[in-house]
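Notes to accompany the following structure.
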Amino acid sequence: MTELAEINMTPMVDVMLVLLIIFMVTMPFVYQSVDVSVPELNTEQTQQQSSHQVKITLSGELYIDNMLTSRLQLQRQLKHLAQLKLKPDININADKQVSYQQLIELMVLIQSSGLERIQFVTPISTSSN
């Protein structure tokens, strides 16, 4: 009768465990840190990111910060805001019946003025379903 040749797994497992322990012990020494003096930020001097609200009604009237404006005046005001050091966020508040075409045109107007942060304002629903 011939015996089946089998690989003894015990020595291989022992070697793997030893290697694992060696790596676990040496890893903290691999990471080196450099002490850096980080400047502190004075919270009084920081400027808060401002935001402006642009409304569009169903009839296509445009408001910026609750003041009625024309498309041309809105574009001028937005370009002026885009030149500020900290560019403000623009919050769009649109009537729910406003067409997508009007909304996209407003977004293109805002982005072409140089402002990139556009947010949509939606009312909070208080009804529970």
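Filter the range 78-106 for residues that are of a type outside the set (A, V, I, L, M, F, W, C) and under 11 Å from V54 (Cα atoms); which is nearest to the chain's Cα centre (by Cα)?
Among them, the one singled out is D89.
Tally time: how many residues in the range 80-100 are at pLDDT 90 or above and in a helix (DSSP H, G or I)?
1
Any idea which of (1) of a type outside the set (A, V, I, L, M, F, W, C); (2) modelled with pLDDT of 85 or more; (3) part of a loop (DSSP other than H, G, I, E, B); (4) under 17 Å from Q119 (Cα atoms) is the one Q49 doesn't satisfy?
It is condition (2) that Q49 fails.
Could you look through the range 62-79, keep only residues that are assigned to a strand (DSSP E or B) and of a type in the set (S, T, Y), and pick out the one that is surrounded by the fewest Cβ atoms within 10 Å (Cβ to Cβ)?
This residue is Y63.
The values are calculated or read from the model by the stated rules, or taken from the named source; none is laboratory data. Values in this document were obtained by computation on a predicted structure and should not be read as measured data. In this analysis, Cβ positions are derived from the backbone assuming ideal geometry, glycine residues included, and neighbour counts consider all displayed protein chains.
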